[in-house]
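The values are calculated or read from the model by the stated rules, or taken from the named source; none is laboratory data. It should be emphasised that the depicted structure is a prediction, and the values quoted were computed from it without experimental measurement. Cβ sites come from the backbone with ideal geometry, for glycine too, and all protein chains shown count toward neighbours. What goes into the accessible areas is simple: the full protein's heavy atoms, side chains included, and nothing from ligands, DNA or RNA. Shrake-Rupley method; radii C 1.70, N 1.55, O 1.52, S 1.80 Å.
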Amino acid sequence: MSVSWSLVIHGGAGRITREVLTPEQDAGARAGLGAALTAGSAVLAEGGTALDAVEAAVRVLEDDPHFNAGRGACFTREGTNELDAAIMDGRDRCAGSVAGVTRTRNPVSLARHVMEASPHVLLAGSGADRFSAEHGLEQADSSWFHTDERRRQLDELLSADADAFDSDMKYGTVGAVACDAQGHVAAATSTGGVTGKRWGRIGDSPLIGAGTYADDRACAVSCTGSGEVFIRVGVGHEIAARRRFAGEGIQTAADTVLAEVKELGGTGGTIVAAPDGAIAWSMTTAGMYRGRATGAGEHRVAIYADEG
Ligand code: ASP
């Protein structure tokens with residue numbers, strides 16, 4: 001079966017309003033989203049796989065300091081960066097993920113390596129760092145991930161004596177979902193987590209079925225938001241299950257599951273791609289950095305909820 005390819009990306013959701021963002025931040029984020037869409041679209045336009053496309057798009061966002069993933073990741077309470085990422089292939093539900101890694105320039109590619117070159121799904125901490133070095137992934141000095149703005153956010157949190165979860169909930173996790181011309185879907189997500197996190201805290205992003213999920217029988221999903229609630233709801237799998245067992249459209253399924261997140265006190269957003277090429281996004285927040293591109297010629301980025 002041949003379908004028209006489609007790609008959706010996000011760069012995090014939260015209290016993102018025209019009043020909060022400076023014109024420079026707005027323009028910088030739009031440029032970064034546009035570059036990621038272009039990278040992922042190029043793969044799909046050449047007949048490449050959804051898996052390659054989501055990895056390509058997420059790598060661009062990881063390297064962009066505007067987003068909380070890779071370079072520009074938020075700081076832990078101890079002033080380090082601990083990165084989480086996942087990738088999943090809807091063809092066979094193969095998946096790989098990493099949590100709390102500190103040395104790999106592009107954690108999404110490390111997650112893919114876990115999927116393809118190990119018998120495991122999830123590797124964490126120093127073991128995952130070692131796996132990365134042993135398998136020759138590009139290593140980065142800790143200074144590569146640091147930005148002044150993320151340091152300022154940590155300092156603000158520490159001086160207010162606040163907990164990681166009192167922060168202003170401007171998430172910056174990145175993700176991508178795609179459907180390729182063969183009708184296969186894939187999802188990828190990458191994040192620094194939340195500012196001021198401690199005790200080895202891990203969010204939903206690297207947890208298959210929570211922040212990341214892909215199944216050709218249903219759809220591919222990548223999430224951003226209050227990770228603990230997304231884990232409890234099992235957002236990625238829940239959206240896919242509603243499509244698979246209840247026959248819901250992906251927009252209805254995404255809206256319904258995010259309403260459940262909201263009911264439990266969570267906030268955030270999600271992007272979805274189905275094997276028929278349909279795409280959707282949904283958010284409970286004032287904004288979500290996002291973009292969509294299709295084989296039919298759409299190429300669009302948006303930030304604020306009212307941008308449609
Ligand atoms: N969901 C991520 C986490 O809880 C945070 C985010 O979306 O920015 O780690």
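Express the accessible area of region 268-308 per residue in Å², computed with a 1.4 Å probe while the remaining protein chains stay in the model.
Working: 1250 Å² over 41 residues.
Solvent-accessible surface per residue comes out at 30 Å².
Using all C-alpha to C-alpha distances in region 48-111, build P(r) with 5 Å bins and read off the rounded percent in each one.
4, 19, 27, 23, 14, 8, 3, 1, 0
What percent do you get for the relative contact order of the chain when only Cα pairs under 8 Å and 6+ apart count?
With pairs under 8 Å counted, the relative contact order is 26 percent.
From the P(r) of the chain, could you give the percentage of C-alpha pairs in the tail past 30 Å?
Taking all Cα-Cα pairs of the chain, the fraction more than 30 Å apart is 22 percent.
Please return the longest stretch of the chain lacking exposed loop sites, where GluC sites (Glu not before Pro) count only if DSSP places them in a loop and at most 16 other Cβ atoms lie within 10 Å.
No qualifying site falls inside 139-297, the longest such stretch.
How large is log10 of I(q)/I(0) for region 193-241 at q = 0.27 Å⁻¹ when the intensity is taken from the Debye formula with one equal scatterer per alpha-carbon?
Debye output, listed in q order: -0.91.
Past the 18 angstrom mark, what percentage of all C-alpha to C-alpha distances in region 130-215 do you count?
Above the 18 Å cut-off, region 130-215 has 61 percent of its Cα pairs.
On a 1.4 Å probe surface of the protein chains, which of Asp129, Asp26, Asp92 comes out largest in accessible area, and what is the full order?
Asp92, Asp26, Asp129
For the chain, what are the DSSP H helices with axial Cα length of 24 Å or more and mean Kyte-Doolittle hydropathy of at least -0.5?
Span-like helices in the chain: 23-45.
State whether region 241-308 is rounded, prolate or oblate according to the following rule on the C-alpha gyration tensor (a ≥ b ≥ c being the square roots of its eigenvalues): a/c under 1.5 gives rounded; otherwise a/b larger than b/c gives prolate, and the remaining case gives oblate.
In terms of gyration-tensor shape, oblate.
With a cut-off of 8 Å between alpha carbons and a minimum separation of six or more residues, what is the relative contact order of region 1-77 in percent? Each step should come with its number before you reach the end.
On the way: 75 pairs, mean separation 21.6, N = 77.
The normalised contact order for region 1-77 reaches 28 percent.
Nearest 20 debye, what's the magnitude of the dipole of the chain about its Cα centre given +1 on Lys and Arg Cβ and -1 on Asp and Glu Cβ?
240 debye
Quickly estimate the mean residue ellipticity at 222 nm for the chain, helices only: each DSSP H run with n ≥ 4 gives -39500 (n - 2.57), and the total goes over all residues, rounded to 500.
-11000 deg cm²/dmol
For labels at Glu263 and Ala42 in the simple 7 Å Cα→Cβ model, what's the distance in nm?
Going from the Glu263 label point to the Ala42 one covers 4.5 nm.
Please report, as a whole percent, how much of the solvent-accessible surface of the chain comes from carbon and sulfur atoms (probe radius 1.4 Å).
Details: 5860 of 11560 Å².
After summing per-atom areas, the C and S share lands at 51 percent.
Please compute the per residue accessible area over region 114-231 with all protein chains in place, 1.4 Å probe, rounded to a whole number of Å². Before the final figure, lay out the partial values.
On the way: 4700 Å² over 118 residues.
Counting only protein heavy atoms, the per-residue value for region 114-231 is 40 Å².
Counting only Cα atoms, I'd like the Rg/Rh figure for region 1-136, Kirkwood definition for Rh. Kindly include the intermediate steps, with their values, before the conclusion.
Numbers: Rg = 16.0 Å, Rh = 16.0 Å.
So for region 1-136, dividing Rg by the Kirkwood Rh gives 1.00.
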